[in-house]
Amino acid sequence: MKKYVSFPPSNNPMNFAAIFVSLCALAVSIYQSYIFRNQQYAIVWPYIEPRVEYTNQSFAFSIQNKGTGPAIIKNISLELDGKPASNYSQFIKDLLKSPNFTSMSISDPANSVLSAGEKVEFMSAQVNDTILSDFPVRTVVRICYCSIFGDCWQYTDGEVEKVNSCK
């Protein structure tokens, strides 16, 4: 007659201790992975900040990445007096209320990458007349950008909110 013995014996207290220690090790491992993943996201977190600078005869609008990782600029939209700007040259003329410029520079950073700390001048203008820029009052700036992990944010006039994707 054969006698069957369960292996390991279920009434051995050492088995429960081994299972408990194993579960604790698993929990610690999962928590460490969670911390490491959050650290990776923080290392490459972009933060876009537009900046407007003007003097009596010059105007400059730039975008700087103040985050710790590259920012993939997906799209930029500007509104002037509640109307979307489709032409940046006309936007500057209407904003500065001046049709004549000694110089004007426009570059569209949409679909480009700004490394951490990088600053790109989006548009600038020099005029002979005195500039009375009321940029913050008359404009709305929206910039949608993403990290290299695909996390996206929408900047709208100083407020940044996380979005699912850039449209």
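Just checking, does the range 22-33 include any residue being at pLDDT 80 or above, surrounded by 11 or more Cβ atoms within 10 Å (Cβ to Cβ) and under 25 Å from C152 (Cα atoms)?
no
For the range 65-166, which strands (runs of 3 or more DSSP E) that fit wholly inside it have 3 or more residues that are touching a residue at least 60 places away in the same chain (Cβ under 8 Å)?
Those strands (runs of 3 or more DSSP E) span 71-80, 119-126, 139-146, 152-156.
Are there any pairs with C-beta distances below 6 angstrom linking a residue in the range 23-39 that is in contact (Cβ under 8 Å) with a residue 24 or more places away in the chain to a residue that is part of a helix (DSSP H, G or I) and surrounded by fewer than 10 Cβ atoms within 10 Å (Cβ to Cβ), with the two at least 6 apart or on different chains, and if so which?
Short answer, once both residue conditions are applied: none.
I'd like the residue in the range 96-106 that is open to solvent by 50 Å² or more (accessible area, probe 1.4 Å) and under 17 Å from A85 (Cβ atoms) and, out of all such residues, is farthest from the chain's Cα centre (by Cα).
P99
Are any residues in the range 1-21 at pLDDT below 80 and open to solvent by 70 Å² or more (accessible area, probe 1.4 Å), and if so, which ones?
Across the range 1-21, the qualifying residues are M1, K2, K3, Y4, V5, S6, F7, S10, N11, P13, M14, F16.
Suppose we keep only residues that are touching an Asp or Glu at 6+ places or on another chain (Cβ under 9 Å) and open to solvent by 50 Å² or more (accessible area, probe 1.4 Å) within the range 120-159. Which one would you say is nearest to S98 (Cα to Cα)?
It comes out as P136.
Name the single residue, out of those in the range 59-91 being open to solvent by 50 Å² or more (accessible area, probe 1.4 Å), of a type outside the set (S, T, N, Q) and under 20 Å from S124 (Cα atoms), that is nearest to the chain's Cα centre (by Cα).
P84
Does the range 94-125 hold any residues that are basic (K, R) and at pLDDT 90 or above, and which are they?
K119
Does the range 34-56 hold any residues that are in contact with a strand residue (DSSP E or B) (Cβ under 6 Å, 6 or more places away or on another chain) and surrounded by 14 or more Cβ atoms within 10 Å (Cβ to Cβ), and which are they?
If the condition is that a residue be in contact with a strand residue (DSSP E or B) (Cβ under 6 Å, 6 or more places away or on another chain) and surrounded by 14 or more Cβ atoms within 10 Å (Cβ to Cβ), then P46, I48, E49, P50, V52 are the ones that fit.
The values are calculated or read from the model by the stated rules, or taken from the named source; none is laboratory data. Worth saying up front: this structure is predicted, and the values here are computed from it rather than measured. Cβ atoms come from the backbone with ideal geometry, glycine included; neighbour counts cover every protein chain shown. Side chains included, ligands, DNA and RNA excluded: accessible areas come from the protein's heavy atoms. Shrake-Rupley method; radii C 1.70, N 1.55, O 1.52, S 1.80 Å.
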